[in-house]
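Please read the structure below before turning to the comments.
Just so it is clear, none of the values below were taken in a lab; they were calculated from the coordinates. No experiment lies behind these values; they were computed from the predicted model shown. Ideal geometry is used to build each Cβ from the backbone, glycine not excepted, and the neighbour counts take in all protein chains shown.
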Amino acid sequence: MIKIICVGKIKEDYLTNLISDYESRIKKYHKMEIIELKDSDIETEGDLILKQIKTTDFLVTLEIDGNNLSSVELSEKINMWLMHHADITFVIGGSNGISSRVKDISKYKLSFGNNTFPHGLFRGILLEQIYRSFKILNNETYHK
């Protein structure tokens with residue numbers, strides 16, 4: 001299963017639609033779940049995130065200082081992770097980042113660059129890249 005843990009609720013309809021669209025596209029390839037957690041201080045958010053993570057999860061944290069990958073490289077990583085782990089869990093932190101306690105257990109730190117994105121939009125971007133990864137892995141037209 002691919003699990004995405006994110007802090008904060010989506011309020012805008014256009015983002016809800018974007019996220020729902022990519023979520024349904026991904027589910028054609030792999031089981032997935034999005035878990036929304038309440039905004040709070042970074043340590044409380046860390047507690048909430050840790051409660052959602054199993055010790056067997058391959059944990060990927062989205063961090064500005066993480067590894068930048070091309071779409072093809074990300075698809076290769078996802079493929080490798082799924083071959084060795086039943087569950088991949090991506091974590092998108094709140095506006096103050098991700099608790100060091102969550103970062104410390106991360107197996108891979110992923111970045112989509114030095115830009116700052118609104119959390120709802122970033123969730124859509126992550127889902128689009130996961131969908132693109134499955135299209136690449138299945139040699140289907142979408143990725144250019």
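Structural remarks
- Global form of the stretch 50-144, assessed from the alpha-carbon gyration tensor, a/c cut-off 1.5: oblate
- Compared with the direct C-alpha span, the chain from Glu36 to Leu137 gains 33.6 nm at full extension, assuming 0.36 nm per residue.
- With 27 Å as the limit on Cα-Cα distance, the pairs of Lys11/Lys107; Lys11/Lys77; Lys103/Lys135; Lys11/Lys31; Lys28/Lys103 that go past it are Lys11/Lys107; Lys11/Lys77; Lys103/Lys135; Lys28/Lys103.
- Counting DSSP beta bridges with both ends in the chain, the antiparallel % (nearest 5): 5 percent
- Label-to-label distance, nm, for residues given as Glu73 and Leu50 (7 Å Cα→Cβ offset): 3.1 nm
- Additional length obtainable on full extension of the chain from His84 to Asn96, 0.36 nm per residue less Cα span: 1.2 nm
- The stretch 21-72 versus the stretch 87-125: alpha-carbon centroid distance in Å: 7 Å
- Pairs of Cα atoms nearer than 8 Å and 6+ residues apart set the relative contact order; for the stretch 7-75 it is 30 percent.
- Simple Cβ-charge dipole of the chain, Lys/Arg +1 and Asp/Glu -1, about Cα centre, in debye nearest 20: 420 debye
- Two-site FRET efficiency, Glu43 against Ile64, from Cβ-Cβ distance with R₀ of 25 Å, rounded to 0.05: 0.80
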